[in-house]
Amino acid sequence: MRTMRIRITVEGKGHATGELDDRNPESARRIYDSLPIEGRALLWMEEVYFDIPLDLDYENPSDSASPGDISYWPPGYALCIFFGSTQPYSPVNHIGRITKNLELFFSVDEGDRIIIEREE
């Protein structure tokens, strides 16, 4: 699988980098192919998430998450970034990991504009 690096910008606060992986390869590829995407941050404990314009099915769902996981939540059509000890509300498809500046997400407020784009 080709390396799929991404840049996640939180407008006015900074950016983080990540890499999509092969835990759910179809979900990761479809999201990467749809970039750039943006949304308004929602928070659930130590998780940032926002709706994206993709309707993907469960692929290899997981009930747990680790800090830094980037995931897709099929019931909410949402991209999720787990930055602390929070676990998913329901199963998610893990599609990648934050590789640099995970601490950025502790500063995110509801409504912040988030932009995800390819980092070639």
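The values are calculated or read from the model by the stated rules, or taken from the named source; none is laboratory data. This is a predicted model, so every value here is computed, not measured. Counting neighbours? That spans all protein chains shown, and the Cβs are built from the backbone with ideal geometry, glycine included.
Within the stretch 87-101, the residues that satisfy the criterion of being among the β-branched types (Val, Ile, Thr) and under 16 Å from residue 72 (Cβ atoms) are 92, 95, 98.
Selection over the stretch 1-17 of residues that are surrounded by fewer than 17 Cβ atoms within 10 Å (Cβ to Cβ), of a type outside the set (Lys, Arg), out of contact with any helix residue (DSSP H, G or I) (no Cβ under 8 Å at 6 or more places or on another chain) and over 13 Å from residue 70 (Cα atoms) gives a count of 3. One residue stands out among those in the stretch 18-36 that are surrounded by 18 or more Cβ atoms within 10 Å (Cβ to Cβ) and of a type in the set (A, V, I, L, M): the one that is farthest from residue 95 (Cα to Cα), which is 31. Listed conditions (1) among the polar types (S, T, N, Q); (2) more than 21 Å from residue 6 (Cα to Cα); (3) surrounded by fewer than 16 Cβ atoms within 10 Å (Cβ to Cβ) are all met by residue 107, apart from (2).
Here is the figure for the stretch 71-104: residues that are in contact (Cβ under 8 Å) with a residue 60 or more places away in the chain and either part of a strand (DSSP E or B) or surrounded by 23 or more Cβ atoms within 10 Å (Cβ to Cβ) (or both) total 9. Taken over the stretch 55-70, the criterion of being under 23 Å from residue 40 (Cα atoms) and either part of a loop (DSSP other than H, G, I, E, B) or among the aliphatic types (A, V, I, L, M) (or both) is satisfied by 55, 56, 57, 65, 66, 67, 68, 70.
For the residues 64, 71, 27, the requirement of being over 13 Å from the mean Cα position of the chain (by Cα) and modelled with pLDDT of 95 or more singles out 64.
Filtering 36, 75 for residues that are within 27 Å of residue 12 (Cβ to Cβ) and not polar (S, T, N, Q) leaves a single hit, 36. Scanning the stretch 28-54 for residues that are in contact with a helix residue (DSSP H, G or I) (Cβ under 9 Å, 6 or more places away or on another chain), outside any strand (DSSP E or B) and either within 14 Å of residue 71 (Cβ to Cβ) or of a type in the set (Val, Ile, Thr) (or both) yields 46, 52, 54. Residue pairs whose Cβ atoms lie under 9 Å apart, separated by 6 or more positions or on different chains, with the first residue in the stretch 52-67 and touching a residue at least 12 places away in the same chain (Cβ under 8 Å) and the second among the basic types (Lys, Arg), are 54/30; 56/30; 59/23; 60/23; 62/23; 66/97.
Evaluate the stretch 110-119: report whether one residue or more is modelled with pLDDT under 95 and out of contact with any Pro (no Cβ under 6 Å at 6 or more places or on another chain). Yes: one or more hits.
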